[in-house]
Amino acid sequence: MMRSGGILKWAALVLVFFLAVFLAFQLLEINMDFNLGNVFGSVPVEEVPTRLDRYKCGLSKPCPEGHFSFKMASGAASVVGPKICLEDNVLMSGVKNNVGRGINIALVNGKTGDLIKTDYFDMWAGDVNTLITFLKTIEEGTVVMMATFDDSASKLNDESKKMIGELGSSSISTLGFRDNWIFVGGKGIKTKSPFEQHIKNNADTNKYEGWPEVLEMEGCIPQRQE
């Protein structure tokens with residue numbers, strides 16, 4: 001009996017010792033290459049991605065080859081300016097300090113995606129003829145990206161609306177005071193552009209007092225091949 005009791009005490013002490021050593025190494029985060037899965041059988045562990053894929057301009061999915069990725073937003077009331085991004089390059093934004101009240105326009109080479117120029121035209125207190133002169137300089141094959149900020153329609157006339165309509169816009173003829181509008185078209189386009197959004201200024205539905213909600217749009221612009 002004494003011998004059996006001594007063996008049990010000795011076994012208990014050994015077990016406590018190894019348990020203490022194991023816990024000590026765990027606390028010290030020392031890798032002992034001790035894996036219970038090796039004893040009780042391997043347990044498959046599902047690998048978790050360490051990061052989400054990011055696409056150009058923050059698009060939800062990548063564009064196919066031969067297309068330019070773009071994302072843009074209209075201005076927010078009269079506080080936050082519009083933003084235009086193409087191929088991961090921010091062309092216009094408040095941070096770049098190149099946006100303003102009215103219609104903001106970025107011209108892009110339809111073959112290379114290179115920025116040609118940017119400008120904005122105040123359609124509340126400005127002169128619509130400066131916009132018309134600018135539109136007349138746009139060359140064939142140019143991608144035209146437009147976004148509104150605050151008011152962009154008060155000074156628009158039939159000539160300017162017709163010229164923007166020829167770039168592929170369907171909504172320019174109904175653009176009104178403080179409407180929000182974003183549009184991507186092109187000089188020489190043969191059909192109406194699929195890249196356009198327009199929301200009316202309406203006191204009953206406006207998100208901000210006196211202004212509608214911000215418009216956002218993303219997509220893939222076919223690269224000009226000719």
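Just a few scattered comments:
- Selection count, the stretch 163-198, where residues are assigned to a strand (DSSP E or B) and under 23 Å from residue 223 (Cα atoms): 8
- Residues in the stretch 166-203 that are of a type in the set (S, T, N, Q) and open to solvent by less than 20 Å² (accessible area, probe 1.4 Å): 169, 180, 193.
- Members of the stretch 147-162 that are outside any loop (DSSP other than H, G, I, E, B) and either open to solvent by 60 Å² or more (accessible area, probe 1.4 Å) or closer than 18 Å to residue 79 by Cα (or both): 147, 148, 149, 158, 159, 162
- Taken together, 143, 80 contain a single residue that is assigned by the TED database to the domain that holds residue 163 and at pLDDT below 95, which is 80.
- Residue match in the stretch 108-119 (condition: small (Gly, Ala, Ser), out of contact with any Phe, Trp or Tyr (no Cβ under 8 Å at 6 or more places or on another chain) and open to solvent by 30 Å² or more (accessible area, probe 1.4 Å)): no
- Top-ranked residue of the stretch 204-226 - restricted to ones that are charged (D, E, K, R) and not in a loop (DSSP other than H, G, I, E, B), ranked as surrounded by the fewest Cβ atoms within 10 Å (Cβ to Cβ): 216
- Residues of the stretch 62-98 that turn out to be open to solvent by 50 Å² or more (accessible area, probe 1.4 Å), among the aliphatic types (A, V, I, L, M) and farther than 21 Å from residue 219 by Cβ, as a count: 3
The values are calculated or read from the model by the stated rules, or taken from the named source; none is laboratory data. In this text the structure is predicted, and so the values were computed from the model without any measurement. Every residue, glycine as well, gets a Cβ built from its backbone with ideal geometry; the counts of neighbours run over all protein chains shown. Surface accessibility is based on the protein's heavy atoms, side chains included, excluding ligands, DNA and RNA. Shrake-Rupley method; radii C 1.70, N 1.55, O 1.52, S 1.80 Å.
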